[in-house]
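Trainee: Take this structure, written in structure tokens, and hold onto it; I'll ask about it next.
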Amino acid sequence: MDNSARDMRGLSRIESVGEISVSTSFVSSGSMSWDFCSSFCALGGFPYFGLQYTWACFCSWDFGSLGPAKESDCNMPCNGNSSQICGGLWRNSVFALTYPKRSCFKQSQMPSLTVSSTLPISWSIAAQTALDCLIPCEASADCQAVIFSGQQRLCHLLRFAYPPASLSSTDGDYFVRG
């Protein structure tokens, strides 16, 4: 179930992720599907995603604070894939995300997309090596990627797989979960 206070609030105070704007606590799309919403929520490592009213995607660490709804209340097809159900009026179709390789990281190019938020979405720690970054990131469910600057001996741990705009030009090695 949902109401205007929102049951699934993982995106609260997030303004954008990459090129996708976040409206209050959800993302809307004219081509909403389970794949779109799950892929979007995976950027933040959220364990749950929910779809509502054919076009809204919510990400969250938990759900159910407003109680369960009857399954039959979720009866609206996704506007991007009519064979899938995307909730109903004030009803979320909720799915769990699993991440089989949570302790694995891959080094890659720094993404050109960034995250904008009114909340802190990165934190820094002193680090001598990239491993000094990866170990605390692996231990934190909130960490999805790291930027290691050997020159500064500093590690930036990132809440999303994309960096905040303030770190987008940081020189260093970029590692992302997965």
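The values are calculated or read from the model by the stated rules, or taken from the named source; none is laboratory data. Keep in mind the model is a prediction, meaning the values are calculated, not measured. As a convention, Cβ positions derive from the backbone with ideal geometry for all residues, glycine included, and neighbour counts pool all protein chains shown. Please note that ligands, DNA and RNA were not included when accessible areas were found on the heavy atoms of the full protein model with its side chains. Shrake-Rupley method; radii C 1.70, N 1.55, O 1.52, S 1.80 Å.
Trainee: Restricting the search to the stretch 132-157, which residues are under 22 Å from residue 12 (Cα atoms), touching a Lys or Arg at 6+ places or on another chain (Cβ under 8 Å) and either of a type in the set (A, V, I, L, M) or surrounded by fewer than 17 Cβ atoms within 10 Å (Cβ to Cβ) (or both)?
Mentor: 142, 145
Trainee: So, restricting to strands (runs of 3 or more DSSP E) that lie completely within the stretch 32-116, which ones have at least 3 residues that are open to solvent by 40 Å² or more (accessible area, probe 1.4 Å)? Let's see the steps before the verdict.
Mentor: Working: elements: 48-52, 56-60, 81-85, 93-96, 105-108.
The qualifying strands (runs of 3 or more DSSP E) are 81-85, 93-96, 105-108.
Trainee: Let me ask you something else. Conditions: (1) open to solvent by less than 10 Å² (accessible area, probe 1.4 Å); (2) in contact with a Cys (Cβ under 7 Å, 6 or more places away or on another chain); (3) of a type outside the set (S, T, N, Q). Residue 26 meets all but one. Number of the miss?
Mentor: Only one criterion is unmet by residue 26, namely (1).
Trainee: Just the residues that are in contact (Cβ under 8 Å) with a residue 24 or more places away in the chain and not polar (S, T, N, Q), please, taken from the stretch 100-119.
Mentor: Within the stretch 100-119, 101, 102, 104, 105, 106, 110, 111, 113, 115, 119 qualify.
Trainee: In addition: If you check residue 13 against the conditions, is it touching a residue at least 24 places away in the same chain (Cβ under 8 Å), open to solvent by 30 Å² or more (accessible area, probe 1.4 Å) and more than 26 Å from residue 163 (Cα to Cα)? Full working, then the answer.
Mentor: Working: touching a residue at least 24 places away in the same chain (Cβ under 8 Å): yes; open to solvent by 30 Å² or more (accessible area, probe 1.4 Å): yes; more than 26 Å from residue 163 (Cα to Cα): no.
Answer is no for this residue.
Trainee: Let me ask another. Look at the stretch 158-171 and say how many of its residues are open to solvent by less than 50 Å² (accessible area, probe 1.4 Å), closer than 14 Å to residue 112 by Cα, assigned to a loop (DSSP other than H, G, I, E, B) and not hydroxyl-bearing (Ser, Thr, Tyr).
Mentor: Going through the stretch 158-171 one residue at a time, the tally reaches 3.
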